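Every number in this text was worked out from the coordinates using simple rules, so none of it is lab data. Keep in mind that this is a model prediction, so the values were computed, not measured. Counting neighbours? That spans all protein chains shown, and the Cβs are built from the backbone with ideal geometry, glycine included.
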Amino acid sequence: MGIRFDRIPDNRALSERITARISDAIIGGELGPGDRLPAERELAEQFGVSRTVVRDAVKMLSGRGVLQVRRGAGIFVASAEETAMGRLGQPANFLPLRGAGLRDLFDVRKVLEAQGTEWAAERRSAHHLERLRGIIEDAHRHPGDPEVLSERDARFHVAVAEASQNLVLVRVMLTLLDLLEAARRESLSIPGRPELSLSQHEDVLREIEARNPEAARRAMLEHLTSVEQAITRPERTGGRGMGVTG
């Protein structure tokens, strides 16, 4: 039980902030499948909130298929075999990320993330904007580090899904991004790609912040199309797609 969370600084959207912190720990590899979290009382002390707030956050993450509460045992990061999210992800393990398989994957991402970004522009709260902005600012502090940028990239796309306030979309995004971790890191090693992706993330955030659903949808579509074109260039892949990132 090595992880320790920092205190939540204020009273705004406390449960959402806690779910974001725990999600970030999972995306960043601090917590893995099967890991046990501290008990509710300890989590409440670490975050500086009431146990009721922690309980609400755990319920949200359990509903997303991220955590599993085992009565009498504790709170655990769910494994693939234990969750609907994991069962959804298992067939994708066999998806060939090249050729038609890569195109199909991008088609699905465009549909899901474009709609999710539109919902985010309609439903986002001040907390969601703060989280998205913080992820982008943090990414700018790590130029030239594909591993860190890949993790921040994953955080951004999950945070957009969270801003959509659609539980199923968050669950699907966590599955897709986990499956594509290695390919995402490789894509961000393409010269100029990290800077372009960050600029496009800023475009997406700007439209979400302005509550422009259609413009937000277009910004996300342009971003994903740009990534798809970058990683499927024949000179990089020998005519075959290698991977995918966002």
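Here are the numbers for this structure:
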{"read-out": "Fewest-first sequence of T175, T52 by Cβ atoms within 10 Å of each Cβ", "value": "T52, T175"}
{"read-out": "Spacing of the two label points (7 Å from each Cα toward its C-beta) at R71 and V111, in nm", "value": "3.9 nm"}
{"read-out": "Inter-label distance, nm, simple model (7 Å from Cα along the C-beta direction), A230/S199", "value": "1.0 nm"}
{"read-out": "Spin-label model distance (nm) - S79 vs E147, 7 Å beyond Cα toward Cβ", "value": "2.6 nm"}
{"read-out": "5 angstrom amide H check on L67, placed H, neighbours 5+ away", "value": "S62, A78"}
{"read-out": "Backbone N under 16 Å from the D6 label point (7 Å along Cα→Cβ), restricted to region 102-137", "value": "130-137"}
{"read-out": "Exposure proxy order (Cβ contacts within 10 Å, fewest to most) of R185, R55", "value": "R55, R185"}
